[in-house]
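The structure appears below as structure tokens.
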Amino acid sequence: MEIVLILIVFIAILLLVIWRPFFKQEKNQKNAELVTTTQKSIREQTNINLYHEHKAEIEKDFSDGAIDEENYQYLLAELDNSLLQDIESSRKDVTTVSINEKSFSIVWPVFLSLFIVAFSVALYLKQGTLDALMTEPAASHTSEKGQMSAEQQEQDRHEQILAYVEKMQKHLAEKPDDGEAWYNLGQTYVGAGEFDFAIAAFEQVIRIEGEHADLIGAIAQASYYRNNQQIDEEVQALIDKALALDINDPSTNILLGMHNFIAQEYQQAIGYWQRVIDANKPDVNIAALQEAVAEAKNRLGISSNEQSKPQVATGPQLKVSVSLSADVSEQLAQGEDRTVFVYAIPTDGKRMPLAALKLMASDLPKIVILSDSNAMYAQSNLSSVSKVHIYAIVSKQGGAGIKPGDFKAEVRNISVESTETINLIVDSFVE
């Protein structure tokens with residue numbers, strides 16, 4: 001009787017082990033997401049702590065006379081550059097996420113359950129006693145973990161990246177229209193320094209999902225690093241395009257902030273980073289950006305009391321009422337919601353917006369304010385001109401600019417000092 005009870009308990013434990021994953025898949029997936037989020041938070045905090053430690057070491061060397069002023073500024077810029085790259089990489093840290101995780105099939109637990117029950121019964125009939133069951137010793141395995149050297153860790157990381165890239169490439173060979181997989185692959189290539197491959201991957205996402213500010217911004221970043229952290233005409237064109245689509249795009253504004261910080265243009269850097277902080281978009285390391293802003297203010301000699309003072313809006317404030325005509329509203333009601341761009345350009349023929357906002361057609365009618373805070377660049381804003389042309393474009397494809405198939409409204413030669421509400425009724429079809 002004793003052997004029967006032991007077999008029953010043993011079988012019950014095995015069946016619990018087999019069936020538990022099947023019934024707990026959703027809970028396990030949530031736990032895995034929580035672990036990933038926790039690891040990401042720890043990584044971000046570790047990056048910030050290491051930043052302050054390394055900064056303190058550099059400042060100590062400088063104060064002790066171990067390094068000169070030129071090397072001191074260079075080392076600080078490189079340290080800041082490293083921190084800011086960690087900020088961006090943390091937004092899309094998906095290189096360890098599994099592709100197409102499949103649910104457990106009920107066939108396996110049923111098959112294993114039947115096998116265990118049949119095997120246990122057969123074993124009991126053959127052996128018959130508890131002593132016979134215990135005659136086979138359990139095998140034990142021990143393993144020792146040694147500390148990996150820095151080279152070994154780097155080699156291990158390199159191998160993991162290669163394995164992930166190979167896995168993604170196989171996945172994309174089967175599913176070439178998986179935009180998320182292409183984006184993850186592009187981010188992995190950026191981390192590995194393969195910027196040409198990264199750009200090609202992001203272009204595939206655009207092919208699948210269309211032009212979006214974050215995708216153009218990702219290409220701008222990869223091109224910037226490929227160009228030895230210099231903004232040439234190609235990179236500038238990408239930056240302009242991304243900001244035209246979304247003036248608060250995190251990737252582009254973080255890039256511009258970093259570029260200005262390295263050039264010791266701290267006020268401009270603060271402006272770009274603060275724009276991302278104020279937008280408060282998901283998947284952005286706000287705490288790290290606030291650290292970067294504080295450091296830039298510190299280098300400008302701004303005290304903590306001055307930092308806490310609220311910013312008062314200055315410069316032109318153009319109040320624009322944007323609405324749709326009845327005819328356009330009826331046509332748009334028959335399809336998907338469209339992107340609306342409201343922007344002001346100078347009257348001298350240049351097309352670069354001095355202030356821009358992005359809405360959705362479903363938001364209209366709405367009154368918006370165009371001001372210097374909506375400028376794509378601090379030095380090119382409403383305060384720099386006396387008159388502007390103002391446009392409202394309902395985009396068919398979601399991209400900036402005026403293209404065939406769009407609807408538009410415009411008013412011309414508006415003084416930037418105007419305090420009256422400017423009415424824009426979208427009623428014209430672009431041929």
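For segment 378-431, dividing the convex hull volume of the Cα atoms by the residue count gives 98 Å³ per residue.
At 20 °C and 1.002 mPa s, what whole-number value in µm²/s does Stokes-Einstein give for the translational diffusion of segment 317-429, with Rh from the Kirkwood sum over Cα pairs? Don't skip to the answer; put the middle values down first.
Working: Rh = 14.1 Å.
It diffuses with D of about 152 µm²/s by this estimate.
Each Cα pair under 8 Å and six or more residues apart adds its separation to the average, and for segment 317-429 the resulting relative contact order is 35 percent. In whole percents, the pair-distance distribution calculated for segment 227-305 from its alpha-carbon pairs, binned every 10 Å from zero, is 19, 49, 29, 4, 0. Can you work out the PRE-style zone for Y72? Point 7 Å along Cα to Cβ, and I want the residues of segment 251-271 with backbone N under 12 Å. Counting only backbone N, you get no residues. One equal scatterer on each Cα of segment 149-194, no solvent, Debye formula: the resulting log10 I(q)/I(0) at q = 0.33 Å⁻¹ is -1.15. The peptide list 63-69, 211-217, 405-411, put in order of mean Cβ contacts within 10 Å with the highest first, becomes 211-217, 405-411, 63-69. Starting from the Kirkwood radius over alpha-carbon pairs of segment 183-267, derive D by Stokes-Einstein at 20 °C in a medium of 1.002 mPa s and give it in µm² s⁻¹. The diffusion coefficient I find is 168 µm²/s.
Modelled label positions at M360 and E420, each set 7 Å beyond Cα in the direction of Cβ, lie 3.4 nm from each other.
Since every read-out is calculated from the coordinates, none of them should be taken as a lab result. Quantities reported herein were computed from a predicted structural model and do not represent experimental measurements. Reconstructed Cβ throughout: ideal geometry from the backbone, glycine too, with neighbour counts over all protein chains shown.
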